[in-house]
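None of the figures in this text is laboratory data; all of them are computed from the coordinates on show. Quantities reported herein were computed from a predicted structural model and do not represent experimental measurements. Cβ sites come from the backbone with ideal geometry, for glycine too, and all protein chains shown count toward neighbours.
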Amino acid sequence: MTKRCTGAEIFVKSLSREGVETIFGYPGGTVLPIYDKLYDSDFEHILPHHEQGGIHAADGYARSTGKTGVVIATSGPGATNLVTGLATAYMDSVPLVAFTGQVPSHMLGTDAFQEADITGISMPITKHNYLVQKTENLARIIKKAFHIAGSGRPGPVLVDIPKDIMMQEVEFSYPDRVDLRGYKPNYRGHPLQIKKAAEKINQSRKPVLYAGGGVIISGASSELRQLAEKAQIPVTTTLTGLGAFDERSRLSLGMLGMHGSTEANMAISHADLIIAVGCRFDDRVTGKLDEFAQEAEIIHIDIDPAEVGKRVAIDIPIVGDVKGILTELNKKVTEKSGNGWGSQIQEWKDMDCRKCSEIGENGRLSPGPIIEEIDSLTEGEAFIVTEVGQHQMWAAQFFKYSHPRQFITSGGLGTMGYGFPASLGVQVGNKEAPVFLLAGDGSFQMNIQELATAAKNNLPVKMVIFNNQYLGMVRQWQEMFLDKRYSSTCLRRRADCPPRCSEPGEDCPEMIPEFIKVAEAYGIKAEKITEPEDVRPALERALAEPGPYLLDCLIEVEENVFPMVPPGGSLYEMILEEESE
Amino acid sequence: MKHTVAVQVANESGVLARIASLFSRRGFNIESLSVGQTEKEDVSRITLVVCGSQRVLEQLEKQLNKLIVVYKVSNITNDPAVSRSMAFIKVRADYSTRSEIIQIVDVFRGEIVDVANDSVMVEITGDEGKINAMEELLEPYGIIELVRTGKIAMTRGKK
């Protein structure tokens, strides 16, 4: 006999049935019934200090474990605080289920206290969303939400639950499976298309594999490696694809795109065949579209048919799951001992384009060596989580990623404030693993309140702040393309500074805040590093500390990220280094 | 180029909002849209007339298919199909012009559905061209108000 349960009980039981272990959530008026049931449940519940922190943490948890992240927020402001996190997850295809409380059904549409139309607001930034209208539907909707979030091309799903729905009692039964008439992702690639692709690969003299985050989501790294090795195809990855292919391999070209490596961008520009796998030809990847890969035919493998042909015309589209398709493809490609352009690629590689001085010009730290030090100290095994900006690009360029899910970053949306809470989620999902947050001094302050979450849960994330006292990436664009007019990018600037100033100097005011004092206020150990020789010992102390640790690294203030494809430029027109004056 | 697209969707609240939001967000240009229930209670059908190149249309179909509430998208532009829209036209008419107007309406197999002292209301059903022609002919008398539905369409024969 089925037992009668309240909506809140159904919620808790349904989550258990979905195998959920960890919930990131922030309570409030309309989710009180759920929180009352959570009080007696076995879930690990992490309380962030802002709903945005909660959803980014759930996102980091999901990206690093491959499980679906779960976040709870209350109605109104709680729900709207999830918006950036939903958009971030949607852009990078992260499986999340966000539950929001809602005002009771009879008050919907009356502008009740803490009412916001979150299903309306989140429509374009979720894979799907639901407003639960009857308690009888709740279990089925939760089942559907997890199914949609985690299958096909994953993405966030929001479930909005009015408070009365949580309190009403109905009979509970959880469906084993759901059948959604309008949602049937196609997993199996068309055999004929696969055959055509294999033929093209076998004929190609200058092939390149261009791998995106889809390879990681699909769990297809070893199939990708097999293809690359069997047919001797060099591999470049996107930002979100870092880790899909071992960068220590001879066949790795590193990242492509705006701040990609010379070898990757030149190889794409001169290839006769591009095999694009689990990626979407983002504008930061392609540069000027008309001049992208002009000499190449393109095979595009992706599970989302809408990505095929969206920005670039495709010669051989294969829609389906990357892993299965690569497995089939590997059976059909012929083994090669080398390809027609290995020596050409080696020439580009030898240019070693990543420019970062050993020591900054003004004696301050240089960012590249700090990241290489982290790589060497952790033997390349750490999770690297980033915020957004210059440090994010350095993190992409200077660490050698070897495993999928190792590099966690907001790629599509470029969300400042993502990294720190995400790193906490990564640590929650991977308790024993070393987790490094690489942050800018600007981004870190966008969710700095989560220091409390790190401290209270003793999450041993090592926070490394690349402190240049500027919003560095924006400043770089101002320097390069806007006559060095540093409009609102100096973080040392105070009200009594001259109205226009583009020359950082000795007399500039001190940076606010002093990060190590902030960390101390939360009971987190911290040090400030100014000398290159202090970097390694400080990192060793951080790693030895069982709790969280913050390193405030004062880096060269006007260091730039190179190479750079100027906005609107072609991939082969990279700016390789600073123009000397 | 104009395309006619038939979309089967779930008959539930918020579906139209999802579709409208998709169009505005992705910059698709809708010329007309009509929606109503079908022979199945849980399915509604939307008939869209959209402008754009073949490539734009392909992307539109794919994006529509991504919506969970969308069951089926068919481009019926080149299929043999019957399509109609309807219009009400309120036109100035006094004793001297009324009979002329009635004649024109008769030729077009329209109907006069309301008569007032100084105006008549005409109902006309047909394809776009027919309604445009009717409008043009009534124009000189002075059109007071005009409302037209979106197009609905169905392919001929089986299917």
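Can you tell me how the range A:255-352 classifies by the Cα gyration tensor, rounded, prolate or oblate, using a/c under 1.5 as the rounded cut?
oblate
If amide hydrogens are placed 1.01 Å from N in the peptide plane, which non-local residues have theirs closer than 5 Å to the one on A:CYS5?
A:VAL170, A:GLU171, A:PHE172
Share of antiparallel DSSP beta bridges in the protein assembly as shown, in percent to the nearest 5?
In the protein assembly as shown, approximately 45 percent of DSSP beta bridges are antiparallel ones.
Need the full-extension length gain, A:GLN133 to A:LEU543, defined as separation in residues times 0.36 nm minus the C-alpha distance. One decimal, nm.
Taking A:GLN133 through A:LEU543 to full extension adds about 142.6 nm, to one decimal.
Given the options A:ALA197, A:PRO33, A:GLN476, identify the residue whose Cα lies farthest towards the positive end of the charge dipole of the protein assembly as shown (+1 on Cβ of Lys, Arg; -1 on Cβ of Asp, Glu).
Value: A:ALA197.
Just how large is the dipole of chain B about the Cα centre, in debye to the nearest 20, putting +1 at every Lys and Arg Cβ and -1 at every Asp and Glu Cβ?
Computed charge dipole of chain B: roughly 1040 debye.
Take peptide A:297-307, look around each residue's Cβ out to 10 angstrom, count Cβ atoms belonging to other protein chains, and average those counts.
2
Can you give the average number of partner chain beta-carbon atoms within 10 Å of each beta-carbon in peptide A:113-122, as a whole number?
Per residue, the average neighbour count from other chains is 1.
Counting only helical runs of four or more DSSP H residues, what would the 222 nm mean residue ellipticity of chain B come to if each run contributes -39,500 (n - 2.57) and the total is spread over all its residues?
Computed mean residue ellipticity for chain B: -9000 deg cm²/dmol.
Suppose R0 equals 56 Å. What FRET efficiency, 1/(1 + (r/R0)^6) with r the Cβ-Cβ distance, do B:ARG25 and B:SER96 give to the nearest 0.05?
0.60
What are the ³J(HN,Hα) values, in whole Hz, obtained from phi via the Karplus relation 6.51 cos²θ - 1.76 cosθ + 1.60 with θ = phi - 60°, for each residue of the range A:444-452 in sequence order, with x given for Gly and Pro?
Coupling constants for the range A:444-452: 4, 7, 7, 9, 5, 4, 6, 3, 5 Hz.
I'd like to know which of A:ALA57, B:SER34, A:PHE43 lies farthest towards the positive end of the charge dipole of the protein assembly as shown, counting +1 on Cβ of Lys and Arg and -1 on Cβ of Asp and Glu.
Toward the positive end, the furthest listed residue is B:SER34.
Below 14 angstrom from the Cβ of A:ARG4, what's the summed charge of the other residues (Lys, Arg +1; Asp, Glu -1)?
In short, -2.
When a/c reaches 1.5 or more, the comparison of a/b and b/c decides; with that in mind, is chain A rounded, prolate or oblate per its Cα gyration tensor?
Oblate.
For peptide B:66-75, compute the average count of partner chain beta-carbon atoms within 10 Å of each residue's beta-carbon.
Counting other chains' Cβ atoms within 10 Å and averaging over B:66-75 gives 4.
Would you mind calculating the relative contact order of chain B from Cα pairs under 8 angstrom and at least 6 residues apart, reporting the percent as a whole number? Working shown, then result.
Numbers: 282 pairs, mean separation 43.2, N = 159.
Dividing the mean separation by the residue count of chain B yields 27 percent.
Could you give the nm distance between label points at B:SER74 and A:ALA521, where each point is 7 Å from its Cα heading toward the beta carbon?
Each label point lies 7 Å from its Cα, and together they span 6.5 nm.
Using a 10 Å cut-off around each Cβ, can you sort A:HIS300, A:HIS106, A:HIS147 from fewest to most neighbouring Cβ atoms?
A:HIS106, A:HIS147, A:HIS300
Dipole of the protein assembly as shown (Lys/Arg Cβ +1, Asp/Glu Cβ -1, origin at the Cα centre): which of A:PHE113, B:GLY129, A:ALA87 lies farthest to the positive side?
My answer, from the dipole projection, is B:GLY129.
Just to confirm the filter: which chymotrypsin sites (Phe, Trp or Tyr not before Pro) across the range B:32-95 are DSSP coil and have at most 11 other Cβ within 10 angstrom of their Cβ?
Sites meeting the loop and neighbour criteria: B:TYR95.
Expected output is a single nm value to one decimal: the length gained when fully extending between B:LEU16 and B:VAL147, i.e. 0.36 nm times separation in residues minus the C-alpha distance. What is it? Intermediate results must be reported in sequence, preceding the final value.
Values: separation 131, 0.36 × 131 = 47.16 nm, distance 2.08 nm.
Residue separation times 0.36 nm, minus the Cα-Cα distance, leaves 45.1 nm.
Counting other Cβ atoms within 10 Å, keep those with at most 15, restrict to DSSP loop, and tell me which GluC sites (Glu not before Pro) in the range B:27-98 are left.
B:GLU39, B:GLU41
How tilted is helix B:98-107 with respect to the longest principal axis of chain B? Cα atoms for both, answer in degrees (0 to 90, nearest 10).
Taking Cα atoms only, the helix is inclined about 40 degrees.
Need the C-alpha centroid separation for the range A:275-338 versus the range A:440-470, integer Å.
37
Got the relative contact order for the range B:80-159 handy, in percent, Cα pairs under 8 Å and 6 or more residues apart? Each step should come with its number before you reach the end.
On the way: 135 pairs, mean separation 39.8, N = 80.
Result for the range B:80-159 is 50 percent.
How far apart, in nm, are the 7 Å Cα→Cβ label points at B:ARG109 and B:LYS158?
Between B:ARG109 and B:LYS158, the label points sit 2.9 nm apart.
Note down the net charge around A:VAL157, summing +1 for each Lys or Arg and -1 for each Asp or Glu among other residues with Cβ under 9 Å from its Cβ. Each step should come with its number before you reach the end.
Numbers: positive: A:LYS127, A:LYS144; negative: none.
That works out to +2.
Could you give the dipole magnitude of the protein assembly as shown about its Cα centre, charging the beta-carbon of Lys and Arg +1 and that of Asp and Glu -1, in debye to the nearest 20?
That gives the protein assembly as shown a dipole magnitude of about 2860 debye.
Could you please rank B:ILE101, A:ILE465, B:ILE112, placing first whichever residue has the fewest other Cβ atoms within 10 Å of its Cβ? Could you put the intermediate results ahead of the total?
Working: B:ILE101 21, A:ILE465 29, B:ILE112 16.
Fewest-to-most ranking of B:ILE101, A:ILE465, B:ILE112: B:ILE112, B:ILE101, A:ILE465.
Compute the acute angle (0 to 90°) between the alpha-carbon long axis of helix B:15-26 and the principal axis of greatest extent of the alpha-carbon atoms of chain B; round to the nearest 10°.
Around 80 degrees separate the two axes.
If a paramagnetic tag sat 7 Å from the Cα of A:ASP483 along the Cα-Cβ line, which residues of the range A:538-567 would have the backbone N under 20 Å from that point?
Counting backbone N atoms under 20 Å from the label point, the list is A:567.
Which net charge results when you count Lys and Arg as +1 and Asp and Glu as -1 among the other residues whose beta-carbon is under 10 Å from that of A:PRO234?
Surrounding charge for A:PRO234 is +2.
Ordered by residue, what ³J(HN,Hα) values in Hz, to whole numbers, does the range A:165-171 give under the Karplus form 6.51 cos²θ - 1.76 cosθ + 1.60, where θ = phi - 60° and Gly and Pro are x?
Whole-Hz 3J(HN,Hα) from phi for the range A:165-171: 5, 6, 9, 6, 9, 9, 6.
Report the gain in length on full extension from A:ASP111 to A:GLN294: 0.36 nm times residue separation, minus Cα-Cα distance, nm rounded to one decimal.
So the extension gain works out to 60.4 nm.
Per-residue ellipticity at 222 nm for chain A, helices alone: DSSP H runs ≥ 4 residues times -39500 (n - 2.57), over residue total, nearest 500 deg cm²/dmol?
Details: 23 runs with 203 residues, N = 581.
My calculation for chain A gives -10000 deg cm²/dmol from helical runs alone.
Within chain A, which is the longest segment that contains none of the chymotrypsin sites (Phe, Trp or Tyr not before Pro) sitting in a DSSP loop with at most 14 other Cβ atoms within 10 Å?
With chymotrypsin sites (Phe, Trp or Tyr not before Pro) excluded where exposed in loops, chain A gives A:114-581 as its longest stretch.
Kindly provide the trypsin sites (Lys or Arg not before Pro) of the range A:114-186 that DSSP labels as loop, not H, G, I, E or B, and whose Cβ sees at most 10 other Cβ atoms within 10 Å.
In loop regions of the range A:114-186 (DSSP not H, G, I, E or B), the sparsely surrounded trypsin sites (Lys or Arg not before Pro) are A:ARG177.
Enter the angle in degrees (range 0 to 90, nearest 10) between the Cα long axis of helix B:128-138 and the first principal axis of the Cα atoms of chain B, meaning the one along which they spread out most.
Roughly 20 degrees between the two axes.
Evaluate the relative contact order of the range A:250-309 (contact order divided by residue number), counting alpha-carbon pairs under 8 angstrom at least 6 apart; express in whole percent.
So the answer I get is 35 percent.
How far apart, in nanometres, would the label points at A:ARG536 and A:TYR174 be if each is projected 7 angstrom from Cα along the Cα-to-Cβ direction?
Each label point lies 7 Å from its Cα, and together they span 5.2 nm.
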